[in-house]
Amino acid sequence: MREYGKVAPTFWTGDTGKEIRKGGSEGAIVALYLMSSPHSNMLGLYYQPLLYMAHETGLGIEGASKGLRICIEAGFCDFDDATEMVWVYEMAAFQIANELKAADRRCIGIQKDYDALPKCSFLGAFFDRYCGSFHLKKRRSHEGASQAPYKPHRSQEQEQEQEQEQEQEQEQEQEQEQEQEQEQEQEQKPTSQVEQSAVLARDAEKASDGSTAASRAIEIAVYLRQRGVTGANSVNPNIAAWSDDVRVTNEILDAAISKARVSLDGKPLGPNYLATIIPDLLNPKPVKKREPTVPLHAMTDRQLDALCGELGIRSSIAGESRDVFLARIREKQAEIRGRAA
């Protein structure tokens, strides 16, 4: 998941943004979502199922479909129904740069990400649009797809030029530093964001069959990704198993994440590690009838987080006072003692 995404102020004042807003609020929500989607990449060409869009924007299938149609008609993006890939035409120019020098290391990274994209009808047009800007060498195409050559939307070009002139000089150094940090982080991850999108694209049919279990699996995957769990997708065997178990609620997932973070101490967290914790939360061992060595009121935040993980409850919630937090722990301890009695 990208840590940040840029949205230009001209989105609200430019011709494209105005055209989108004319179609209704759904269009503006979907446009902003596509620029900041947790499934997106810096290329603006990525796997984006309509079901994910409907769930994460709260628009529902009908509202998300309407918003996407508005964006397409305004020349903001295009959507491939067969592969569920979306292309936000000018996103790469805004997120990376209008143009890079041939010696810029980001050009190699962009080519690699482009090469790793799943097959879709936009591959050739994307290359045609950005080969000169990012010095791309190898062109891909989607066999059997009929596709007209890409023609940039004029209003988007104007907005892009204005925004780039204002920001390019002051942001170029910052972008290079951020890109280098991202490359280092990606080297530590088992798969890149684009490769994870490819896995989702290959297995999409299993996750979109409309069944209750499949829908719950998607919800769990989205919920975990939003909380920083890497590699979470609906076809993961552990997530598929949790979707069939009504006891695996969002509260259980939060408790497992809290306990895992204490153990991992900042290391990446994935679904397979949570799978070693959740069974113990679903079948907690009775708490011994003795007071802890350290009284609750004297425990540190780290000790309290570890205790919450053992009890299967969420750690301190934002805005929750310490007294309310401790009362919640005592209530859970009493509940467990009552079951053991």
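The values are calculated or read from the model by the stated rules, or taken from the named source; none is laboratory data. All figures in this text were calculated on a predicted structure; none of them were measured in a lab. Cβ placement follows ideal geometry from the backbone for every residue including glycine, while neighbour counts extend to all protein chains displayed. Ligands, DNA and RNA are stripped out before the accessible areas are found, and what is left, the full protein with its side chains, is counted by its heavy atoms. Shrake-Rupley method; radii C 1.70, N 1.55, O 1.52, S 1.80 Å.
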_Using a 1.4 Å probe on the protein heavy atoms, what percent of the accessible area of the stretch 10-68 belongs to carbon and sulfur?_
57 percent
*Pairs K66/K119; K6/K119; K267/K332; K22/K66; K6/K101: which are spaced more than 19 Å apart, C-alpha to C-alpha?*
K66/K119; K6/K119; K267/K332; K6/K101
_Highest-first arrangement of 219-231, 39-51, where packing means the average Cβ count within 10 Å_ = 39-51, 219-231
*Label-to-label distance, nm, for residues given as R322 and N250 (7 Å Cα→Cβ offset)*: 2.9 nm
*Mean accessible surface per residue for the stretch 1-104, computed with a 1.4 Å probe while every protein chain stays in place, in Å²*: 41 Å²
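Mind checking the full-extension length gain between A82 and R337? Use 0.36 nm per residue of separation minus the Cα-Cα distance, one decimal, nm.
Result: 86.3 nm gained on full extension.
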*What does the charge add up to near F127, with Lys and Arg as +1, Asp and Glu as -1, over the other residues with Cβ less than 12 Å from its Cβ?*
+3
*Report, by chain and number, residues whose modeled amide H sits under 5 Å from the one on F122, excluding near sequence neighbours (fewer than 5 apart, same chain).*
none
*Looking only at Cα atoms, what is the convex hull volume of the stretch 3-75 per residue, in Å³?*
86 Å³
*Sort 85-92, 297-304 for me by packing, meaning the mean count of neighbouring Cβ atoms within 10 Å per residue, highest on top.*
85-92, 297-304
*If one puts a single equal scatterer on every Cα of the stretch 222-341 and applies the Debye formula without solvent, what log₁₀ I(q)/I(0) results at q = 0.20 Å⁻¹?*
-1.17
*asked:* Which order do the peptides 16-25, 114-123 come out in when sorted by mean C-beta neighbours inside 10 angstrom, highest first?
replied: 114-123, 16-25
